[in-house]
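Please treat every number below as a calculation from the coordinates, not as lab data. Because the structure is a prediction, the values reported are computed rather than measured. All Cβ positions, glycine included, derive from the backbone under ideal geometry; neighbour counts span all protein chains shown.
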Amino acid sequence: MPKTLELVSTAYEPGQMPDYPEVQIALAGRSNVGKSSLVNCLAGRKALAKISSTPGKTRSLNFYQVVPEGFYLVDLPGYGFARSSKAEKEKWGKLIEAYLTGRNRPAAVVCLLDSRLEPQRLDLEMAGFLTQNAIPLIAVLTKADKCKQREVAERQRQWREILRLPELPLSVSSRTGRGRAELWRALCQAAGCAVEPPKTAPAGL
Ligand SMILES: Nc1nc2c(ncn2[C@@H]2O[C@H](COP(=O)(O)OP(=O)(O)OP(=O)(O)O)[C@@H](O)[C@H]2O)c(=O)[nH]1
Ligand SMILES: [Mg+2]
């Protein structure tokens with residue numbers, strides 16, 4: 001299990017993208033879906049990433065290094081922030097596109113999807129963009145604590161079908177810590193790190 005996350009750099013413009021040799025995994029999703037909260041949950045810290053109940057909090061790409069593994073988690077600004085101007089939306093699009101298609105592009109993108117909502121057009125567009133650019137997608141449903149287990153299970157099946165996933169998407173809650181260990185495992189695997197074996201021997205041994 002990784003120990004911690006450290007904020008190493010921030011990019012507001014395409015020209016500010018860092019040039020790390022290590023693997024990067026990005027966290028993408030609509031504004032307010034819970035990306036920055038998930039960074040804090042993964043880090044086990046309350047205020048590493050700034051969060052807000054008002055959408056549009058994160059305006060830059062924030063590069064967090066996973067210690068001791070060394071790969072990066074990149075918290076992206078959210079898309080679909082209704083109150084932002086057209087110019088701002090365009091700036092967002094250019095910044096994210098520059099990152100996702102650039103030289104230092106992520107090895108995988110975690111697509112955060114709100115458990116409470118029907119699939120949204122912008123989420124489907126993001127998934128399509130990743131497919132077109134051959135970037136592996138890890139689907140994660142957020143805010144599981146806000147839904148009944150039955151609703152979460154139904155949403156997981158729905159997204160599995162839409163995105164044609166081999167497995168159900170992970171279900172997480174930054175509030176309760178649900179899914180945290182599984183998400184760390186998925187991140188380490190996507191980054192090509194050794195994944196710790198389970199603590200208990202599989203049944204039958
Ligand atoms: N109940 C509950 N609330 C959550 C959870 N995760 C995030 N939130 C709340 O959702 C709001 C948005 O969270 P953020 O983490 O700032 O969302 P974000 O995706 O980083 O948003 P942008 O930076 O605007 O793109 C905050 O009020 C959080 O407290 C969760 O797992 N459960
Ligand atoms: Mg944020």
**Complete:** Taking the stretch 151-192 and keeping residues polar (S, T, N, Q) and away from ligand 2 (no atom under 16 Å from the Cβ) leaves Gln156, Gln158, Ser171, Ser173, Thr176, Gln189
**Asked** Of the residues that sit in the stretch 77-101 and are part of a loop (DSSP other than H, G, I, E, B) and more than 15 Å from the chain's Cα centre (by Cα), which one is nearest to ligand 2 (Cβ to nearest atom)?
**Response** Phe81
**Asked** Within the stretch 23-48, can you find the residues that are at negative phi and loosely packed, with under 15 Cβ neighbours inside 10 Å?
**Response** Arg45, Lys46, Ala47
**Request:** Return the pairs, sorted by first residue and then second, in which the second residue is away from ligand 1 (no atom under 14 Å from the Cβ) and small (Gly, Ala, Ser), the first residue lies in the stretch 168-190 and is without any contact (Cβ under 8 Å) to a residue 60 or more places away in the chain, the beta carbons are less than 8 Å apart, and the residues are 6+ apart or on different chains.
**Result:** Pro169/Ala139; Leu170/Ala139; Leu170/Ala186
**Prompt:** Tell me, which residue of the stretch 62-105 that is aromatic (Phe, Trp, Tyr) and in contact with a Pro (Cβ under 8 Å, 6 or more places away or on another chain) is nearest to Thr4 (Cα to Cα)?
**Reply:** Phe63
**Prompt:** Do we find a residue being of a type in the set (Ser, Thr, Tyr) and without any contact (Cβ under 8 Å) to a residue 24 or more places away in the chain anywhere in the stretch 68-87?
**Reply:** yes
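Would you mind finding the one in Leu113, Leu124, Leu141, Leu95 that is in contact with a Gly (Cβ under 8 Å, 6 or more places away or on another chain) and hydrophobic (A, V, I, L, M, F, W, C)?
On the way: Leu124 fails: in contact with a Gly (Cβ under 8 Å, 6 or more places away or on another chain); Leu141 fails: in contact with a Gly (Cβ under 8 Å, 6 or more places away or on another chain); Leu95 fails: in contact with a Gly (Cβ under 8 Å, 6 or more places away or on another chain).
Result: Leu113 is the single residue among Leu113, Leu124, Leu141, Leu95 that is in contact with a Gly (Cβ under 8 Å, 6 or more places away or on another chain) and hydrophobic (A, V, I, L, M, F, W, C).
Going by the conditions given, is Gly29 under 20 Å from Ala190 (Cβ atoms), within 8 Å of ligand 1 (Cβ to nearest atom), touching a Cys at 6+ places or on another chain (Cβ under 8 Å) and not aromatic (Phe, Trp, Tyr)?
yes
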**Request:** Filter the stretch 73-106 for residues that are among the small types (Gly, Ala, Ser), more than 18 Å from Val39 (Cα to Cα) and surrounded by 14 or more Cβ atoms within 10 Å (Cβ to Cβ) and give the result.
**Result:** Gly80, Ser84, Ala98
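Tell me whether the stretch 125-134 contains one or more residues that are touching a Phe, Trp or Tyr at 6+ places or on another chain (Cβ under 9 Å), charged (D, E, K, R) and either without any contact (Cβ under 8 Å) to a residue 60 or more places away in the chain or not in a loop (DSSP other than H, G, I, E, B) (or both).
Yes, the stretch 125-134 has at least one match.
Does Leu117 qualify as being touching a Cys at 6+ places or on another chain (Cβ under 6 Å) and not hydroxyl-bearing (Ser, Thr, Tyr)? Walk me through it before giving the result.
Details: touching a Cys at 6+ places or on another chain (Cβ under 6 Å): no; not hydroxyl-bearing (Ser, Thr, Tyr): yes.
The answer is no for Leu117.
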**Asked** Is there a residue in the stretch 49-62 that is closer than 21 Å to Gly179 by Cβ, of a type in the set (A, V, I, L, M) and touching a strand residue (DSSP E or B) at 6+ places or on another chain (Cβ under 9 Å)?
**Response** yes
**Complete:** Considering residues that are more than 7 Å from ligand 1 (Cβ to nearest atom), in a loop (DSSP other than H, G, I, E, B) and of a type in the set (S, T, N, Q), the number found within the stretch 32-76 is 2
